[in-house]
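Visitor: The structure follows.
The values are calculated or read from the model by the stated rules, or taken from the named source; none is laboratory data. Just so you know, these numbers come straight off a predicted model, no measurement behind them. Counting neighbours? That spans all protein chains shown, and the Cβs are built from the backbone with ideal geometry, glycine included. Surface areas here come from the heavy atoms of the whole protein model, side chains and all, with no ligands, DNA or RNA. Shrake-Rupley method; radii C 1.70, N 1.55, O 1.52, S 1.80 Å.
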Amino acid sequence: MAIKGIDHWVIVAGDLERTLDFYTRLGFPIVWEERPNRPGRGMPTIRINAAQKINVHGPDWPERPGYLGARRPAVGGADFCLEWEGTVEQVLDLLANNGIAVEAGPGTRSCARGPSTSVYFRDPDDNLVELTVYDRASRMGEVRVTARLTNAVDEALARRGVLTPEQVRSCDADALVDTGAVRTIVPQHIALRLGLGVRGQRMTQYADGRTEAVS
């Protein structure tokens, strides 16, 4: 199939500025795109990311001559789901901080990549908006292996005869393979077993939700 994905879709707003302000408060960038035959600032768009957007039409636009849009556009007739990169708790906090009532959820739903946890709410035109959160393992495409870690300084000393092979510090560790990783995270107890000096620590969260200080 040659279809690659969704580029954009369109909603019709009952009050254009009210709708744009609502999505701005939720953290969406609003970008006005210049259009040759459109008066004023052009076409307002709600940016989802660099490759996806929602075009927003004003309430009177469907009545304009030559309007290219849905045959029966309706204010409040949209129902869509967006993936949230953070946690469900962050979604709930965002809505609460902006005085937005939760319509339904959090609850498990069947989304495009499988089960996820969704929170539903409505925008000022009563469009139903769903923010869904996939579990961390699903988002990372989790692959685990057993990795043997060895102190490289000990290995070098063993090659020079300063240490015996039995004195080289090493250990087997359960490792998560992440093809998008930009650094290696070593738990503190592994670093101690390898005899590594700790220059700094940070808190990290594992796929199962555990948090731990790592080196």
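Visitor: Rounded to the nearest 10 Å², what accessible area does Y23 have for a 1.4 Å probe in the complete protein model?
Guide: Answer for Y23: close to 0 Å² accessible.
Visitor: I want to check the label-to-label distance for A2 and R72. Put each point 7 Å from Cα in the C-beta direction and report it in nm to one decimal.
Guide: With each label point 7 Å from Cα toward Cβ, the separation is 3.2 nm.
Visitor: If you don't mind, another one. First measure r as the distance between the Cβ atoms of N97 and R193, then evaluate 1/(1 + (r/R0)^6) with R0 = 45 Å and state the FRET efficiency to the nearest 0.05.
Guide: Numbers: r = 44 Å, r/R0 = 0.97.
Between N97 and R193 the formula returns 0.55.
Visitor: Could you sort V168, V162, V129 by accessible area so the largest value comes first, with the probe set to 1.4 Å?
Guide: Descending order: V162, V168, V129.
Visitor: Then there is this: If you wrap a convex hull around the Cα atoms of region 1-123, how much volume per residue is inside, in Å³?
Guide: On the way: hull volume 17.9 nm³, N = 123.
It is 146 Å³ per residue.
Visitor: Ok, one more. Along the Cα→Cβ direction, 7 angstrom out, place labels at E89 and T24. What is the inter-label distance in nm?
Guide: My value for the distance between the label points is 3.1 nm.
Visitor: Let me ask you something else. Using only the Cα atoms of region 1-57, what semi-axes does the equivalent ellipsoid have when each is the square root of 5 times a gyration tensor eigenvalue? Give whole Å, largest first.
Guide: On the way: eigenvalues 83, 47, 21 Å².
Ellipsoid semi-axes (Å, largest first): 20, 15, 10.
Visitor: Largest first, how would S170, S110, S118 line up by accessible area (1.4 Å probe)?
Guide: Details: S170 45, S110 120, S118 0 Å².
So the residues, ranked largest to smallest area, are S110, S170, S118.
Visitor: Please compute the modelled spin-label separation between D174 and F80, points set 7 Å along Cα→Cβ, answer in nm with one decimal.
Guide: Here the modelled spin labels are 4.0 nm apart.
Visitor: Further question: Quick one: pull the percentage of alpha-carbon pairs in region 59-115 with a separation above 18 Å.
Guide: Values: 885 of 1596 pairs.
In whole percent, the long-distance tail amounts to 55.
Visitor: What does the highest-first list of 60-70, 83-93 look like by mean Cβ count within 10 Å? Before the final figure, lay out each step's value.
Guide: Details: 60-70: 10.6, 83-93: 14.5.
Highest-to-lowest ranking by the protection proxy: 83-93, 60-70.
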